[in-house]
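**Student:** The structure's right below; bear with me while I get my questions together.
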Amino acid sequence: MIQTREAGATWSGNHRYRATEVLLPSDFDELAEVVASADSLRVQATRHTFNDVADCDASLVSLERLPTRIEMIDDRVRVEGLVTFAQLAPVIEAEGRALHNLGSLPHISVAGATATGTHGSGVRNGNLSSAVRALEIMDAEGHTQRIDQTHEWFPAAAVGIGAFGVVTAVELQTEPTYEVTQQAYTGVSWSDIAGDPERVFGGSRSVSVFTTWGDPAHDLIWAKSDDGDPAWVEELGGQPVGDDIHLGRIRTVDNTTPRATPGPWHTRLPHFRADALPSDGDEIQSEYFVPFASAREALAAVRAIAPAFDAHLLVTELRTVAADELWLSPAYQRDVLAIHFTWRNDTAGVLGVLPAIEAALAPFEVRPHWGKAFTMPGADVRATLERVDEFVGAARAADPRGVFRNDFLRRTLGL
Ligand SMILES: Cc1cc2nc3c(=O)[nH]c(=O)nc-3n(C[C@H](O)[C@H](O)[C@H](O)COP(=O)(O)OP(=O)(O)OC[C@H]3O[C@@H](n4cnc5c(N)ncnc54)[C@H](O)[C@@H]3O)c2cc1C
């Protein structure tokens, strides 16, 4: 008898899963039984999404009772099951290896993060999915196949949004380990930030800008360098922040990674420490991607309508992601500026302001983050995804019974 538990809600509680239960197989044979007997199934991983992307009307399945092996294979690392970046990073660091980047928090699963194109920042850093070199995917018949970069489905499956089956293992590219020093600065004017995005975002290995679109006291540049002090921020008038760091109106304190001292990549690239509650906790997130070449105009367009959403905003974070070749990646064949919003946890209020932001960004072929709240109609989303038809074709071929399709995939991608 396969164990079950309640489906519950997403990490921040903004979406209560409609699914009746979560199935908890204890090994891969039980997982194969679960999958082969299901008409409809989605994987629930670490639940750090803000919409119904992981939901369905039947059952969810979790890999939390399955083995979580991590093994180095030459310059790649293979992770099995529900491994998080917090579990993975120290293991590869001990082997003298590193990942090219991390998201703002290490609490998320490797399979779930790469399924949605999760990213950190850096004009030369692709998103976390861009490090995927192979996936092992269990299909709806319970058979597992390895999809590597030579497989025709690879550019679809690497940002697969769960449509190809249960990802039982992911292989990621690694590189020699490196150290990062980070510092946060106030005092850089908005006109310098928005007027010269190439200088700001290209200044260090990873740069984030935090803003509330009007109050200069909330504008903060967070620079993560692997080559010493980021002198460019001080040239722009930036003053290092002391011990207390405030990200806009986010309430949590003492949850960030150490600043001003060098440390291994995985202890500095995430903003939030693995042992602390990340971000605010009581929140909803949205994020939109526009071509980096349109950054000035896109930032001006959002700032012009900021009074309309200000009451709902905790903070905006601006980051960059380098182009890749993954069909559903928000950075598919274009370097992008990521415009992120952390909102107060008021679903009706947030859904009320998103259309205005989406309309302001529409001239810039805006793409949404798959794991965050958005209201763009599917037709508008599909219009910016040059390879969506190929993605749909590959997903249908991989899952002819449609077991892994859900409302999100149907309304957003027409799958
Ligand atoms: C505090 C906070 C900070 C965040 N910071 C960032 C950030 O810096 N950058 C960024 O881009 N995003 C960020 N996010 C968003 C989040 O990291 C992503 O949306 C990510 O997808 C979450 O992964 P998960 O496994 O927790 O989510 P889940 O909701 O559990 O899963 C995400 C999707 O992947 C699918 N999936 C998961 N595991 C598997 C599997 N084994 N096989 C098949 N499908 C699977 C699920 O079905 C679902 O569709 C943040 C979220 C929070 C809450």
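**Student:** Please give the charge dipole size of region 70-177, origin at the Cα centre, charges +1 on K and R Cβ atoms and -1 on D and E Cβ atoms. Round to the nearest 20 debye.
**Tutor:** Details: 6 positive and 13 negative charges, 70 e Å.
Result for region 70-177 is approximately 340 debye, rounded to the nearest 20.
**Student:** Between Ala231 and Ser191, what length comes free when the chain is fully extended (0.36 nm per residue of separation minus the Cα-Cα distance, one decimal in nm)? Could the numbers behind the result be given before it?
**Tutor:** Values: separation 40, 0.36 × 40 = 14.40 nm, distance 1.87 nm.
Length gained, Ala231 through Ser191: 12.5 nm.
**Student:** Another one. Of Pro90, Asn101, Val123, which is farthest towards the positive pole of region 70-177's charge dipole, taken about the Cα centre with +1 and -1 on the beta-carbons of Lys, Arg and Asp, Glu respectively?
**Tutor:** The residue sitting farthest along the positive end of the dipole is Val123.
**Student:** Using amide H atoms built in the peptide plane, which far-off residues or other-chain residues are under 5 Å from Gln3 H to H?
**Tutor:** Leu24
**Student:** Within the chain, which DSSP H helices have Cα atoms that stretch 18 Å or more along the helix axis and a mean Kyte-Doolittle hydropathy of at least -1.0?
**Tutor:** Details: long enough: 295-309 (20 Å, 0.92); 347-361 (21 Å, 1.66).
Those that pass (Cα extent of 18 Å or more, hydropathy at least -1.0) are 295-309, 347-361.
**Student:** Rg and Dmax of region 179-382 over Cα atoms: what are they, in angstrom?
**Tutor:** 16.4, 47
**Student:** As an exercise, use a Förster radius of 25 Å and the Cβ-Cβ distance of Ser40 and Leu277 to find the FRET efficiency, rounded to the nearest 0.05.
**Tutor:** The formula returns an efficiency of 0.15 here.
**Student:** Can you tell me how region 77-128 classifies by the Cα gyration tensor, rounded, prolate or oblate, using a/c under 1.5 as the rounded cut? Please list the in-between numbers first.
**Tutor:** Numbers: a/c = 1.89, a/b = 1.17, b/c = 1.61.
Oblate, because a/c is 1.5 or more while a/b does not exceed b/c.
**Student:** Amide H neighbours of Val180 under 5 Å, at least 5 residues apart or on other chains, H built in the peptide plane: list them.
**Tutor:** Those qualifying (amide H under 5 Å, at least 5 residues apart or on another chain) are Gly263, Trp265.
**Student:** Give me D for the chain in µm² s⁻¹, whole number, from Stokes-Einstein with Rh from the Kirkwood sum over alpha-carbon pairs, 37 °C and 0.692 mPa s. Working shown, then result.
**Tutor:** Numbers: Rh = 21.5 Å.
In µm²/s, the coefficient is 153.
**Student:** If I take R0 = 35 Å and measure r between the Cβ atoms of Asp57 and His151 in this structure, what FRET efficiency does the formula 1/(1 + (r/R0)^6) give, to the nearest 0.05? Walk me through the numbers on the way to the answer.
**Tutor:** Values: r = 31 Å, r/R0 = 0.88.
Between Asp57 and His151 the formula returns 0.70.
**Student:** What are the residues whose amide H is under 5 Å from the amide H of Ala98, where those residues sit 5 or more places off or on another chain and H is modelled from the backbone?
**Tutor:** Here Glu175, Thr177 satisfy the definition.
**Student:** Taking springs between alpha-carbon atoms closer than 10 angstrom, which of Asp226, Asp57, Asp243 fluctuates most in the Gaussian network model of the chain?
**Tutor:** Greatest mean-square fluctuation among the candidates belongs to Asp243.
**Student:** Follow-up question, since we're still on this one. Between Glu141 and Ala304, with labels modelled 7 Å along Cα→Cβ, what's the label distance in nm to one decimal, could you check?
**Tutor:** Label-label distance for Glu141 and Ala304, simple model: 5.5 nm.
**Student:** A further question follows. Based on the alpha-carbon gyration tensor of region 197-309 and its eigenvalue square roots a ≥ b ≥ c, which shape applies: rounded if a/c is under 1.5, prolate if not and a/b is larger than b/c, or oblate? Walk me through the numbers on the way to the answer.
**Tutor:** Working: a/c = 1.67, a/b = 1.17, b/c = 1.43.
The shape class here is oblate.
**Student:** With a/c under 1.5 counting as rounded, go ahead and sort region 1-83 into rounded, prolate or oblate using the C-alpha gyration tensor (a ≥ b ≥ c being the square roots of the eigenvalues; past the cut-off, prolate if a/b is larger than b/c, else oblate). Don't skip to the end; give the middle numbers.
**Tutor:** Working: a/c = 2.32, a/b = 1.36, b/c = 1.71.
Oblate, since a/c reaches 1.5 and b/c is not below a/b.
**Student:** Rounded to the nearest 5, what is the percent of antiparallel bridges among the DSSP beta bridges in region 3-61?
**Tutor:** Values: 4 of 10 bridges.
Given both bridge residues lie in region 3-61, the antiparallel proportion sits at roughly 40 percent.
**Student:** With θ set to phi - 60° and the Karplus curve 6.51 cos²θ - 1.76 cosθ + 1.60, what are the ³J(HN,Hα) couplings of region 321-333 in order, to the nearest whole Hz, using x for Gly and Pro?
**Tutor:** So the Karplus estimates, Gly and Pro as x, are 9, 6, 4, 9, 10, 8, 4, 9, 5, x, 9, 4, 6 Hz.
**Student:** Just the number, please: carbon plus sulfur as a percent of the accessible area of the chain, 1.4 Å probe, no ligands or DNA/RNA counted. Don't jump to the answer; show the numbers that get you there.
**Tutor:** Details: 7490 of 15250 Å².
Accessible surface attributable to carbon and sulfur in the chain totals 49 percent.
**Student:** Let me ask another. Just round it to a whole percent: the fraction of Cα-Cα distances in region 70-177 exceeding 17 Å.
**Tutor:** Working: 2816 of 5778 pairs.
It works out to 49 percent of all Cα pairs.
**Student:** Can you give the extra length, in nm with one decimal, that the chain gains between Arg251 and Ile2 once fully stretched, where that is 0.36 nm per residue apart less the Cα-Cα distance? Can you show the working numbers first?
**Tutor:** Numbers: separation 249, 0.36 × 249 = 89.64 nm, distance 4.06 nm.
My answer for the length gained is 85.6 nm.
The values are calculated or read from the model by the stated rules, or taken from the named source; none is laboratory data. Quick caveat, the model's predicted, so the values are computed rather than measured. Glycine gets a Cβ as well: all are built from the backbone with ideal geometry, and neighbour counts include every protein chain shown. Calculation scope for accessible area: heavy atoms of the full protein, side chains included, ligands and nucleic acids excluded. Shrake-Rupley method; radii C 1.70, N 1.55, O 1.52, S 1.80 Å.
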